[in-house]
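Below is one structure, written out as structure tokens, with a few remarks after it.
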Amino acid sequence: MTEAHTHRLRRYATYASVSVSMTLIAAKLVAYLMTDSVSLLSSLIDSSTDLMASVVTLLGVRTALRPPDKAHRFGHGKAEALAALAQAAFIGGSALFLTIEAVRRLLRPEPVGEGLVGVAVMVLSIVLTAGLITFQRHVIKATGSVAIGADRLHYSGDLLMNTAVIVAILLTTWTGIGAFDPLFGLGIAAFLLYGARGVGMEALNVLMDRELPEDERARIAALVAAHAEVRGMHDLRTRSTGVGAFIELHLELDPQLTLAAAHDITDRVERELREAFPSAEVTIHQEPAGLDDERLDRRIAERG
């Protein structure tokens, strides 16, 4: 898959997300005004934050896809992580507002009207959201986008939330017990907070240059060690940018090799690493094997 194709997929995913959010906001607003359901209000609030988050994601992805320039030689990939962090803030804020409204309704229960209208809107929401998630899953598999991954995460939560809203409206309508509606609202708020924490932590891992997962680091080490000319490797450093990754390492080679021969071996190692990690930038420092110099690995080990 070409880089241009993955870029197009990222953009299409953000356009689809914004379109679905705008459609659901309009439908849920009408339904809320007709039903006065706090559970439906929770879904309306969530769709509103979805729209804000989707717009932020669109801007973040657009910025992240810009190529390196004079002032940003490592590229703009972390814009996606910033967008995901903004999403976490939006989701957390909406959960707080929903909690306040649900508590108010618990203290002063109010009836739910036009329950069937609310149910119909939530069924529409489930259908559109399921379609969007299916497309986003395809995009994430092809691109590894952290921002679209965060977007998919809270839309996946929406499926559960929309089902809960349907149950809350039906229970309140059938039993006449007003407490069901705000209680479900509180449960949805807790679910939103849990999701916001996960999205925020993933974004922070990118922004704080957390290492790639151990299985990927082990794969890098295995690929390097598979070359017969390589005597060893140390100071492997990796990080994700949200749209790609950086891989840096020190390659230990025979001290008697000519500079040209060492360069050829390094080129082969770099080529294999780029084939295994197509979105990664690979930087290799060559060293003569047996050199006892200061190493990052040693400093980290000493710190425990």
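Where a number appears in this text, it was derived from the coordinates with a stated rule and is not lab data. As the structure is a computational prediction, the values presented were derived from the model and not from experiment. Cβ placement follows ideal geometry from the backbone for every residue including glycine, while neighbour counts extend to all protein chains displayed.
Some points to look at:
- Excluding same-chain neighbours fewer than eight residues apart, the lysines reachable from Lys78 by a Cα-Cα span under 24 Å are Lys70, Lys141.
- Listed residues Ile169, Gly131, Pro182: farthest to the positive end of the dipole of the stretch 3-207 (Cβ charges): Gly131
- Percent breakdown of C-alpha pair distances by 20 Å bin, ordered from the shortest bin, for the chain: 30, 42, 22, 7, 0
- Note: the stretch 1-87, Cα convex hull, 92 Å³ per residue.
- A helix-only calculation puts the chain at -25000 deg cm²/dmol for mean residue ellipticity at 222 nm, using -39500 (n - 2.57) for each DSSP H run of at least four residues, averaged over all residues.
- Stretchable slack from Ala228 to Leu160, in nm (0.36 nm times residue separation minus alpha-carbon distance): 19.2 nm
- Ranking Leu204, Val230, Leu106 by Cα position along the charge dipole of the chain, where only Lys, Arg, Asp and Glu carry charges on their C-beta atoms, puts Leu106 farthest toward the positive end.
- C-alpha long axis of helix 214-225 to longest principal axis of the chain, angle in °: 20
- For the chain, the longest principal axis of the Cα atoms and the long axis of helix 115-143 meet at an angle of about 10 degrees.
- Each label point was placed 7 Å from the Cα along the Cα-to-Cβ direction; for Ala142 and Ala276 their separation is 2.6 nm.
- The charge dipole of the chain, taken about its Cα centre with unit charges on the Cβ of Lys, Arg, Asp and Glu (plus for the first two, minus for the last two), comes to roughly 960 debye.
- For the stretch 214-302, average projected area of the Cα convex hull in nm²: 6.1
- Estimated dipole of the stretch 214-302 in Debye, rounded to 20 [Cβ of Lys and Arg +1, of Asp and Glu -1, Cα centre]: 220
- Computed from Cα atoms alone, the Kirkwood hydrodynamic radius reported for the stretch 152-304 is 19.6 Å.
- Taking other Cβ atoms within 10 Å as a rough exposure proxy, Arg10, Arg73, Arg298 sort from fewest to most as Arg73, Arg298, Arg10.
- Degrees between helix 259-276 axis and first principal axis of the chain (Cα, 0 to 90, nearest 10): 20
- Neighbour cut-off at most 14 other Cβ (10 Å), DSSP loop, GluC sites (Glu not before Pro), the stretch 260-304: Glu294
- Contact order relative to length of the stretch 214-302, as percent, for alpha carbon pairs under 8 angstrom and 6 or more apart: 30
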